[in-house]
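Colleague: Take a look at this one; I'll ask things after.
Readers should treat all values here as calculations from the given coordinates under stated rules, not as data from a laboratory. Fair warning: this is a prediction, and the values are worked out from it, not measured in the lab. Cβ placement follows ideal geometry from the backbone for every residue including glycine, while neighbour counts extend to all protein chains displayed.
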Amino acid sequence: MSAGENGRLVILSGPSCVGKSPLFASLGKFYPELRERLHKLVLVNSRNPRPGEIDGVDYHFRTRTQVEALRNNERYVVLEARSDLQALNMEELESLLRQGDTFFEGNPYVARELQIHSRLAHTKRLSIFISPLTREETEYLKVPERNVSLEDLVADIMRRKLLRRTRRQKGELSAPDLQNVETRASSAYRELQMACHFQYVIPNHDGEDSENWDAFYYPIGDARKTLFAFVGLLQGSVQPGVEHWDDNLLPRI
């Protein structure tokens, strides 16, 4: 990177539990040289840590009141994301970009802000959306004769993934756990409608609930394909199966 030139902003987004976290973990495991080039952007988040998450590594975990107070700080952009309140430190992001490529992994609401914020107008971006459905599946299912509500179907797909993930993490589920699952599942279709704003869409049926990421050391199934597709995009090549979605693919609600 030459003097005065910033790195690019790599944005990886998609609905909750679609597979973003295990994808990034697999990148570090099998392609450590690529992972080391990415400076991870860590946001402030009002939710409690999940099992295995580390404060300052996954998020800066704070109370909702503390995150709300950041609205008065001009360095931060504060956003509602499902039931969470998240804060993005713009000065920290700009500093990371001056050091090289910077990586954001998270929900589409923050990702969209990173795409349109005026302070990032001249920033180079690589934006990737992970979808639980392929474009062909979506086209097939939305035909009126099939009598399928895509909104309900997407919510059901993600609800099942979220329930499996939460049971793996916690065992028995509490009432707040179930409410959190429902909030995230019901948001998934609206988030899927945002995929058209991303340069690339990688379909992936192996969400964070799938053992295909780590049960056999090497990923298998869609987890493997998704990893290879992600690595290809980081290296500047588009692998078979990587898609682009138009804004009219999903019916509006």
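Colleague: List pairs: first residue in the range 168-191 and free of Cβ contacts under 8 Å to residues at least 24 places away in the same chain, second residue crowded, with 20+ Cβ neighbours inside 10 Å and assigned to a helix (DSSP H, G or I) anywhere in the structure, Cβ distance under 7 angstrom, at least six positions apart or on different chains.
Modeller: L173/T166; D177/T166; V181/L162; V181/T166
Colleague: Counting only residues that are more than 24 Å from R125 (Cβ to Cβ) and surrounded by 13 or more Cβ atoms within 10 Å (Cβ to Cβ), which one in the range 8-48 is nearest to the chain's Cα centre (by Cα)? Explain how you work it out, then say what you get.
Modeller: Residues of the range 8-48 that are more than 24 Å from R125 (Cβ to Cβ), as a first pass: 17, 29-30, 46-48.
Next, only the ones that are surrounded by 13 or more Cβ atoms within 10 Å (Cβ to Cβ) stay: 17, 29-30, 46-47.
Working: C17: 9, K29: 19, F30: 20, S46: 17, R47: 16 Å.
Step by step, filter the range 8-48, then rank; the result is C17.
Colleague: Let me ask something else. Among the numbered conditions (1) buried (at least 20 other Cβ atoms within 10 Å of the Cβ); (2) under 21 Å from F30 (Cβ atoms); (3) more than 16 Å from the chain's Cα centre (by Cα); (4) of a type in the set (S, T, N, Q), tell me where N204 comes up short.
Modeller: Tallying (1) buried (at least 20 other Cβ atoms within 10 Å of the Cβ); (2) under 21 Å from F30 (Cβ atoms); (3) more than 16 Å from the chain's Cα centre (by Cα); (4) of a type in the set (S, T, N, Q), N204 fails exactly one: (3).
Colleague: On to the next question. Evaluate the following for L114: is it farther than 26 Å from R190 by Cα, assigned to a helix (DSSP H, G or I) and within 18 Å of the chain's Cα centre (by Cα)?
Modeller: On the way: farther than 26 Å from R190 by Cα: no; assigned to a helix (DSSP H, G or I): yes; within 18 Å of the chain's Cα centre (by Cα): yes.
No: the conditions fail for L114.
Colleague: Take the range 138-158 and flag every residue that is touching a residue at least 24 places away in the same chain (Cβ under 8 Å) and either outside any helix (DSSP H, G or I) or not β-branched (V, I, T) (or both).
Modeller: At the first step, the residues of the range 138-158 found to be touching a residue at least 24 places away in the same chain (Cβ under 8 Å) are 138-139, 142, 150-151, 154-158.
E139, K142, L150, E151, A155, D156, M158, listed by residue number.
Colleague: Can you tell me which residue is surrounded by the fewest Cβ atoms within 10 Å (Cβ to Cβ) among those in the range 127-150 that are more than 21 Å from Q86 (Cβ to Cβ) and aliphatic (A, V, I, L, M)?
Modeller: Kept after step one, since they are more than 21 Å from Q86 (Cβ to Cβ), are these residues of the range 127-150: 131-150.
Pick out the ones that are also aliphatic (A, V, I, L, M) and you get 133, 141, 143, 148, 150.
Working: L133: 21, L141: 14, V143: 9, V148: 13, L150: 19.
Here the residue is V143.
Colleague: Looking at T166, T183 in this structure, which one is among the hydroxyl-bearing types (S, T, Y) and touching a helix residue (DSSP H, G or I) at 6+ places or on another chain (Cβ under 8 Å)? Break it down stepwise before answering.
Modeller: Values: T183 fails: touching a helix residue (DSSP H, G or I) at 6+ places or on another chain (Cβ under 8 Å).
Unique residue meeting the criteria: T166.
Colleague: Sticking with this one: Select from the range 67-84 the residues that are surrounded by 14 or more Cβ atoms within 10 Å (Cβ to Cβ) and not in a strand (DSSP E or B) and write down the one among them that is farthest from the chain's Cα centre (by Cα).
Modeller: Step one: filter the range 67-84 for residues surrounded by 14 or more Cβ atoms within 10 Å (Cβ to Cβ), giving 67-70, 76-79, 81-84.
Imposing the further condition that a residue be not in a strand (DSSP E or B) reduces the set to 67-70, 82-83.
Values: V67: 21, E68: 23, A69: 25, L70: 23, R82: 13, S83: 16 Å.
Across the range 67-84, the extreme among qualifying residues is A69.
Colleague: Being surrounded by fewer than 17 Cβ atoms within 10 Å (Cβ to Cβ) and of a type in the set (G, A, S) is the filter here; which residues of the range 85-122 pass it?
Modeller: S95, G100, S118, A121 - these are the residues of the range 85-122 that are surrounded by fewer than 17 Cβ atoms within 10 Å (Cβ to Cβ) and of a type in the set (G, A, S).
Colleague: I need the full set of residues from the range 214-251 which are touching a helix residue (DSSP H, G or I) at 6+ places or on another chain (Cβ under 7 Å), assigned to a loop (DSSP other than H, G, I, E, B) and either aliphatic (A, V, I, L, M) or more than 23 Å from K161 (Cβ to Cβ) (or both), in order please.
Modeller: I220, V238, Q239, V242, D246, D247, L249, L250
Colleague: Follow-up question, since we're still on this one. Can you name every residue in the range 169-213 that is touching a Lys or Arg at 6+ places or on another chain (Cβ under 7 Å), under 23 Å from G232 (Cα atoms) and not in a helix (DSSP H, G or I)?
Modeller: Selection gives G207, E208.
Colleague: Working only within the range 221-248, note down all residues that are of a type outside the set (A, V, I, L, M, F, W, C), surrounded by fewer than 15 Cβ atoms within 10 Å (Cβ to Cβ) and on the phi < 0 side of the Ramachandran plot.
Modeller: Within the range 221-248, Q235, S237, P240, H244, D246, D247, N248 meet the criteria.
Colleague: Determine which member of the set R37, R8, R64, R47 is closer than 26 Å to E91 by Cβ, in contact with a Lys or Arg (Cβ under 7 Å, 6 or more places away or on another chain) and among the basic types (K, R). Before the answer, list the steps.
Modeller: Values: R37 fails: in contact with a Lys or Arg (Cβ under 7 Å, 6 or more places away or on another chain); R64 fails: in contact with a Lys or Arg (Cβ under 7 Å, 6 or more places away or on another chain); R47 fails: in contact with a Lys or Arg (Cβ under 7 Å, 6 or more places away or on another chain).
Within the list R37, R8, R64, R47, the selection yields R8.
Colleague: Sort out which residues of the range 164-177 are within 16 Å of H205 (Cα to Cα) and surrounded by fewer than 18 Cβ atoms within 10 Å (Cβ to Cβ), and write them in order of number. Lay out the reasoning, then the answer.
Modeller: Kept after step one, since they are within 16 Å of H205 (Cα to Cα), are these residues of the range 164-177: 164-165.
Hit for the range 164-177 is R164, nothing else.
Colleague: Follow-up question, since we're still on this one. For the range 20-56, name all the residues that are of a type in the set (K, R), assigned to a helix (DSSP H, G or I) and farther than 22 Å from L85 by Cβ.
Modeller: K29, R35
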